[in-house]
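These notes are about the structure you will find just below.
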Amino acid sequence: MDFAAGNLAAAEKAINHVLAINPFHAGALNLLANLYFREGMTARALEKIKRAIEIAPDNGTYYCTLAEIAVEDKNIELAIASYQKAEQDQATRDHARRQLRLLNRE
């Protein structure tokens, strides 16, 4: 995808195309949150990832994205709560636990 290649404008256009067809596509919202986060648009990133979590509240990947944004935003409380939610998903459990150990050291 264009996002991985660094072509963020093309990636955003493609993601928005998906969302125009299906505004409830949580994966596309997660990608858009990551794109906005990468571009330094924290408020927009938070808005999109929170929407993805509303749609798919059991997806640990989305909580990990939220936690990463929260860490950068210096909201450690939100980061910890998000990683704790991510621990409940087997797919993200190990990553979340590693990140929680790191956050608890700070």
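The values are calculated or read from the model by the stated rules, or taken from the named source; none is laboratory data. None of these values were measured; they are calculated from a predicted model. Heads up, the Cβs are rebuilt from the backbone with ideal geometry, glycines too, and the neighbour counts pull from every protein chain shown.
Numbers below:
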quantity: Count - residues of the stretch 75-106 that are at pLDDT below 95 and under 20 Å from Tyr36 (Cβ atoms); calculated: 0
quantity: The stretch 76-106: number of residues that are among the hydroxyl-bearing types (Ser, Thr, Tyr) and outside any helix (DSSP H, G or I); calculated: 1
quantity: Pairs, first loosely packed, with under 14 Cβ neighbours inside 10 Å in the stretch 80-101, second in a helix (DSSP H, G or I), C-beta under 6 Å, six or more apart; calculated: Ala91/Gly60
quantity: All helices (runs of 4 or more DSSP H) inside the stretch 1-75 with 2 or more residues being surrounded by fewer than 14 Cβ atoms within 10 Å (Cβ to Cβ) and aliphatic (A, V, I, L, M); calculated: 2-5, 8-21
